[in-house]
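The next block holds one structure in the form of structure tokens; read it before the comments.
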Amino acid sequence: MNIASVLDSRRRAGTVGLPVSQRSARGDQALQARKRRGPRPWLASAKGLWLAALLLGMSVVSSAQTVTITEYAVPTSSSGPVSITSGPDGALWFTESDGNKIGRITTAGAITEYAVPIVDNSLSGFDSITAGPDGALWFVEYFVNKIGRMTTAGVFTEYPVPTAGSEPYGITAGPDGALWFVEYYGNKIGRITTAGVITNEYPKPNGLLPNGIAAGPDGALWFTEQARIGRITTAGVITEYPVGPVDGFPEGITAGPDGALWFTEDNGKIGRITTTGVITEYAIPTAGSNPRDITAGPDGALWFTEGDGNKIGRITTTGVITEYAIPTAGSIPSGITAGPDGALWFTEGLGNKIGRVSFSNNTPTITSLNPSTAAAGGPAFALTVNGTNFSSGATVQWNGTALTTSFVSSTQLTATVPASLIASAGTAVVAVGSASAPFTVNPPNQPCTFSVSPLSAVFAASGGSSSITVTASRTDCTWTPTSTQSFITFSGNTSITGSGTIDYNVSANNTASRTGAITVGGAIFNITQGGTTCTYSLPSAGQAFTASGGNGTAAILAPPGCNWSATSGVPWVTINPPGGGSNDGSVSYTVAANLSGAARTGTITITFTNANLPYTVSQAGNANTASCTASVLSAPQVALEGRTEVLGDYLLSCSGLTGALTTDISLALNTDVTNALSGGFTDAVLSVNGTASRTGKWRVTTHSVGPELRSSRRPMARLPCGFPGCGPMPVC
């Protein structure tokens, strides 16, 4: 949550609701008054009541951090930048209280401003701004009692707060996908969805003016108020913790990297509160610094603005404080946030600038040694030192003795430890510059034994991951875990010296229950895993198709790890690849067209591990009825023997066909002969649609016509039959 010194001064001076023309002068007067003020009268009587509940931490100034501050002027003069946040587009977004604008600055320092209309000659009172879960920017409008929203394209929307005169101040994204804000004079905590619906306003149990708000690591929202830190669950349950001594006015608040909440107090302190309500305070070295906003930095520390001290402060999670002066005098820094570029960005209310803090830490640190132990009387060995900020000329020292050192990187050095340095048991100090770490030299000939905790674990059939703690009897014992079954695997480092932790995985089980173990030396960790019971079902028992056929899908419900396959019991239903699977799925199939007039039914069998289920495919018959008629278009003719003549056309007309015409045709030709004819002699040809006929079959019959003996030949041309009941057609 970001708080502007200027706006805060105006709030306490009573300039809220005044026209723009009157606010500036009164706000400036209030600002000077704040600088001169003493303890608040309403707090005087409460001093001394807050006793041992608070641990007051000692703050220490560190000079190890090298910091560079760069400033960028806001284009609109006297715009009064207040709050700043890292946006979803890789830029920083800030509010301009006096300019009535929302600003955007890239990490290269390019600034764009989006003006918001001034209504009734009244500034909106832009203050706290945060990135919402919907990819937009959300902010409060203190003077007009509204919550604002702006897209990264500059589209602006406002939502009025239901409680009149509540004057929203801080805002943050909550763990429930909504935005949460405090109502300074309304004395409430509000919730607004990304659709702009203010679902709740939760009244606080006292009138102590809520100020800043932040999402905590415990899934709740934490807020500051006069002399207290508040906590509200997403269900609206409020708890309050007093901050003491009670001369502090907590303002900015943020979640720290240590799982606690950190906040500023305008009495010159930085506070820390655990999620159980334990509070520690650290005094800022600069008296009257008036810290405002605070944020977690990329370096594992907390960074804050000092409004009256005109500085940027840094505090480690152990309470070490460093301060850095801002180049522009009297700039009154206010909001601060961590940027996407690894730097800190802040606003300067009176300096009318956006500041950037880049930093480097040149002091080396040691994070680990490998190995970290050895046996006394052992041979020389190579020591790996892991840490940060190592230089190419760095030297590893052993109890003050320089070792032969090789520079690997800024995070790693290697050194040779001679056997003479580990001749006796004891503890050595390994150092790089001012950083140091202990190295244990154990007595010789000690056996390595191991124990594991816990001793066993039980997993469901779905499997999972967990870890084991291994305790070694000696810190120089090197060990590697072993799995007795293939379904148990390891992740992370598996070659460990001394005590350590094993991360392991148990794969899903689609068979009966099973057991396995992990062994470390003589220690055994047993694992039992339940089996899978495969129960299958078909949401639909089948599907019906028309005579034309088509594609279908059969859905299958099966537990994870349960396999199945599909086969067709009829040739007119084809299973499409892959035809099987596991878990929930489906099988695709194709139904061929039904040329028959009769309906038909087939079955797809879904085969499972322990059962088969039928899936019925039914198909309607072809409703069309085939009908054919034959005719000769010309009168019968008599051909002269020995000549080839066209005798006429034979026309076959059919209806109700679903495919190409196929049938048998018999054609009788009578010829006058004066001699006997032998069978198989062809002197007539049948043409179909103008093309030569297929091979015909002849039958020879003899009968009398008049006084002469006549012989008749009958060639029979055959075409494949394509509809039910087609046979030889009548002869004309």
* Which pairs in the list LYS146/LYS204; LYS311/LYS353; LYS204/LYS353 are over 26 Å apart, alpha-carbon to alpha-carbon? -> LYS204/LYS353
* Asked: Considering amide H positions built from the backbone, and no H for Pro or chain starts, which residues 5 or more places from GLY579, or on another chain, come under 5 Å of its amide H?
  -> SER588
* Work out how much length THR489 to SER434 would gain on full extension: take 0.36 nm times their residue separation and subtract the Cα-Cα distance, in nm to one decimal. => 15.7 nm
* Extension gain from SER424 to ALA611, taking 0.36 nm per residue of separation minus the Cα-Cα distance -> 60.2 nm
* Neighbouring Cβ atoms within 10 Å as the yardstick, rank CYS534, CYS477 fewest first. => CYS534, CYS477
* To do: Averaging sequence separations of C-alpha pairs under 8 Å and six or more residues apart, then dividing by the length of the range 55-361, give the relative contact order as a whole percent.
  => 17
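Explain nothing, just the number: relative contact order of the range 450-529, from Cα pairs under 8 Å at least 6 residues apart, as a whole percent.
Numbers: 176 pairs, mean separation 32.3, N = 80.
Reported relative contact order: 40 percent.
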* **Contact order normalised by residue count of the range 542-619, Cα under 8 Å, 6+ apart, percent** => 39
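FYI, it's all coordinate maths here, none of it is from the lab. Not measured: the values here are computed from a predicted model. Using ideal geometry, Cβ is built from the backbone for each residue, glycine included, and neighbour counts are taken over all protein chains shown.
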